[in-house]
Ligand code: BGC
């Protein structure tokens with residue numbers, strides 16, 4: 001065993017023994033958590049116990065009494081127990097796509113598989129918070145039944161750049177959609193009696209050198225974009241905990257920023273839980289972190305305990321700051337299943353969770369292209385299924401957001417289960433392959449002769465630690481993939497047959513150069529364990545697609561405004577020079593620091609305002625039916641509230657659901673503003689042909705405000721606004737105007 005750990009265990013053992021004999025007093029006189037008032041429990045704690053509670057316990061393999069600690073192998077982290085005060089250990093499992101624990105344990109045949117739910121981007125693509133809430137409830141149930149107390153989810157950093165390796169864990173380029181989806185996820189998970197940790201607070205928008213990168217961001221972009229989703233989720237859904245990010249913002253580590261963690265998070269937004277660090281493997285300024293309002297150090301090192309104790313002793317940290325942190329921790333611990341001695345089963349209902357997964361994934365699939373009604377497939381079609389992803393689907397991404405599922409339904413299986421016949425030679429060919437297979441024109445022509453339609457899956461994965469690259473095989477297609485699409489398209493079209501492309505990806509890829517080769521394009525993202533069934537439902541028309549994009553799909557990578565301020569160029573090098581694998585250098589652009597030079601012009605705010613062409617706009621997604629919008633109106637209510645209504649009618653021949661996006665265009669004021677911004681959305685129920693539904697979307701004048709960084713105020717200009725009822729940011733169907741009579745301002749407490 002590692003000498004360091006040995007020493008720490010000995011020290012920890014000593015500290016517990018010393019406490020129990022030296023300071024506890026008689027067992028029946030010790031105030032117990034949940035029985036005695038909190039203040040009394042805190043007063044009974046030694047300085048070392050308080051410090052220990054604020055430092056995670058994952059470094060130790062064993063409890064002090066010698067029993068094996070890793071009761072839940074694969075768990076991301078735990079807090080420390082103080083048995084004499086009735087304080088239990090609590091367990092923090094990763095998310096956000098499901099519970100992330102090891103599926104097998106020593107000494108038992110029992111398995112501990114978890115449900116891989118659709119990735120976050122896919123859930124947001126459903127624009128259906130109720131479905132996300134149900135997924136959250138299933139995740140919460142699974143976490144609780146596996147003995148966990150807090151799920152390290154949702155993750156809501158913005159899709160500032162399509163190459164961020166963790167975008168699949170995040171929802172959108174838009175903070176409003178992000179905040180609403182996160183609120184639903186938090187409510188769902190917490191409805192099961194377990195907590196959430198909303199992460200990574202804030203501006204963790206690149207993986208490259210994420211632990212040391214200094215994000216340099218204007219106050220306006222911070223408030224309107226990078227903090228906004230957190231603000232909405234904290235105000236609406238009250239997460240039990242928040243995870244501060246690794247990075248710095250404008251020169252200060254987020255975990256050491258009192259303006260961020262106290263003034264903004266608690267005093268402005270009313271957060272009442274505790275903040276934990278991300279899994280910082282190096283020791284930062286622990287006293288500064290606690291003073292800032294970051295209560296828990298994860299995963300936890302003995303040096304941090306020692307540092308807290310020393311800081312109090314030498315006056316760098318006040319005991320009142322320490323006590324406040326302990327109190328915030330205990331207020332959450334008291335709510336956990338462990339504290340309530342919940343008897344978890346280790347047998348969550350994976351079958352019912354698979355069913356929920358399937359339902360949610362069905363609404364998150366996006367139909368990007370459908371020329372001449374290529375889809376749904378005709379009954380009885382024989383499908384030639386190309387591409388590794390058709391037989392080996394990526395259910396999710398990698399890293400801490402990965403989930404150990406027992407089985408993922410592949411596309412070939414999903415189609416077969418729906419009675420669709422697939423080409424068996426192709427299946428045999430791909431089953432023995434390890435990478436994408438070059439497809440020649442002759443081979444594709446043979447397949448075109450004996451099947452009715454081609455289906456080609458392009459797949460991508462990404463994850464924590466590394467960003468994606470704007471090179472072949474990642475943002476751009478590989479030559480093998482381009483040749484495959486061209487040859488199959490040509491072979492099938494020359495016989496009057498069609499080609500459907502399925503995009504099994506967690507992030508955006510280039511589509512503009514090749515989409516003309518496809519007769520239909522379906523985007524099921526990384527759809528979780530039921531992926532093959534979900535995709536088959538959409539392809540066969542059993543389910544009418546109703547998902548819409550939560551980010552812009554650009555024509556070229558360099559069209560994205562942040563591209564020059566992101567780690568990778570086309571060769572995989574940093575924009576400055578030399579491979580990014582070079583040692584960390586704080587003075588190196590995009591490595592040591594990243595300039596958010598694009599300010600608020602992220603995603604559609606940039607493309608729509610400046611008229612830059614895109615491959616697919618934000619909010620875009622097709623259906624097998626058509627919808628018309630009518631009777632738009634906006635009515636002012638009390639206290640600066642507004643209600644927008646519009647009637648949606650299914651004018652096509654199939655039943656389906658439509659997402660209505662409400663954008664607001666502000667009158668010209670002192671500040672430059674995006675042409676339009678998302679301020680609300682609603683989704684219809686399943687509308688039968690000819691059926692209508694009137695949707696209501698509420699917002700307030702505060703939602704319309706822009707942030708003035710000179711006066712540090714949210715400002716809502718007076719004047720005439722346009723409410724735009726849209727099917728995508730570029731497809732406005734109806735509009736109605738409304739007036740804000742008087743300008744309104746709201747001062748904030750600090751700048752970052
Ligand atoms: C990730 C977090 C995760 C934590 C625990 C970190 O590296 O950034 O998202 O929750 O590890 O696994």
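The values are calculated or read from the model by the stated rules, or taken from the named source; none is laboratory data. The model shown is predicted, which means the values in this text are computed figures rather than measured ones. Counting neighbours? That spans all protein chains shown, and the Cβs are built from the backbone with ideal geometry, glycine included.
Only one of the listed residues (294, 362) is touching a helix residue (DSSP H, G or I) at 6+ places or on another chain (Cβ under 7 Å) and within 16 Å of the ligand (Cβ to nearest atom). That residue is 294.
In the condition set (1) under 19 Å from residue 151 (Cβ atoms); (2) within 16 Å of the ligand (Cβ to nearest atom); (3) within 20 Å of the chain's Cα centre (by Cα); (4) surrounded by 24 or more Cβ atoms within 10 Å (Cβ to Cβ), residue 254 is compliant with all but (1).
Could you run through the stretch 577-593 and say how many residues are in a loop (DSSP other than H, G, I, E, B), touching a strand residue (DSSP E or B) at 6+ places or on another chain (Cβ under 9 Å) and at pLDDT below 85?
1
Sort out which residues of the stretch 285-303 are in a helix (DSSP H, G or I) and either free of Cβ contacts under 8 Å to residues at least 60 places away in the same chain or surrounded by 24 or more Cβ atoms within 10 Å (Cβ to Cβ) (or both), and write them in order of number. Give the steps one after another, and end with the answer.
Step one: of the stretch 285-303, the residues in a helix (DSSP H, G or I) are 286-292, 302-303.
Residues satisfying the conditions are 286, 287, 288, 289, 290, 291, 292, 303.
Residue 282 meets the stated requirement of being within 20 Å of residue 57 (Cβ to Cβ), surrounded by fewer than 17 Cβ atoms within 10 Å (Cβ to Cβ) and within 16 Å of the ligand (Cβ to nearest atom).
Residues of the stretch 447-467 that are in contact with a helix residue (DSSP H, G or I) (Cβ under 8 Å, 6 or more places away or on another chain) and more than 16 Å from the ligand (Cβ to nearest atom): 447, 448, 453, 454, 455, 456, 457, 458, 459. In the condition set (1) crowded, with 23+ Cβ neighbours inside 10 Å; (2) free of Cβ contacts under 8 Å to residues at least 12 places away in the same chain, residue 165 is compliant with all but (2).
Checked against (1) surrounded by fewer than 16 Cβ atoms within 10 Å (Cβ to Cβ); (2) within 26 Å of residue 607 (Cβ to Cβ); (3) without any contact (Cβ under 8 Å) to a residue 40 or more places away in the chain, residue 667 passes all but condition (3). Filter the stretch 414-443 down to the residues that are surrounded by fewer than 19 Cβ atoms within 10 Å (Cβ to Cβ) and closer than 30 Å to residue 139 by Cβ and list them by number. Those that are surrounded by fewer than 19 Cβ atoms within 10 Å (Cβ to Cβ) and closer than 30 Å to residue 139 by Cβ: 416, 417, 418. Residue 649 meets all of the listed conditions (1) more than 29 Å from the chain's Cα centre (by Cα); (2) surrounded by 21 or more Cβ atoms within 10 Å (Cβ to Cβ) but one, namely (2). Filtered by the rule that a residue be over 30 Å from residue 650 (Cα atoms) and part of a loop (DSSP other than H, G, I, E, B), the stretch 546-568 gives 555, 556, 560, 561, 562, 566, 567, 568.
Pairs meeting the criteria (first residue in the stretch 175-195 and not assigned by TED's automatic domain parsing to the domain that holds residue 150, second residue part of a helix (DSSP H, G or I) and crowded, with 24+ Cβ neighbours inside 10 Å, beta carbons under 6 Å, at least 6 apart or on different chains) are lacking. Inspection of the stretch 29-52 identifies no residue that is modelled with pLDDT of 95 or more, within 16 Å of the ligand (Cβ to nearest atom) and in a helix (DSSP H, G or I). Answer yes if at least one residue in the stretch 65-72 is at pLDDT 95 or above and either surrounded by fewer than 23 Cβ atoms within 10 Å (Cβ to Cβ) or in contact with a strand residue (DSSP E or B) (Cβ under 8 Å, 6 or more places away or on another chain) (or both), and no otherwise. No - not one qualifying residue is present in the stretch 65-72.
Among the residues examined, residue 231 qualifies as free of Cβ contacts under 8 Å to residues at least 60 places away in the same chain and over 28 Å from residue 282 (Cα atoms).
Answer yes or no as to whether residue 310 is in a helix (DSSP H, G or I) and in contact (Cβ under 8 Å) with a residue 24 or more places away in the chain. No; evaluated as a whole, the condition is false for this residue. Restricted to the stretch 84-108, and to residues there that are within 16 Å of the ligand (Cβ to nearest atom) and part of a loop (DSSP other than H, G, I, E, B), the residue that is surrounded by the fewest Cβ atoms within 10 Å (Cβ to Cβ) is 102.
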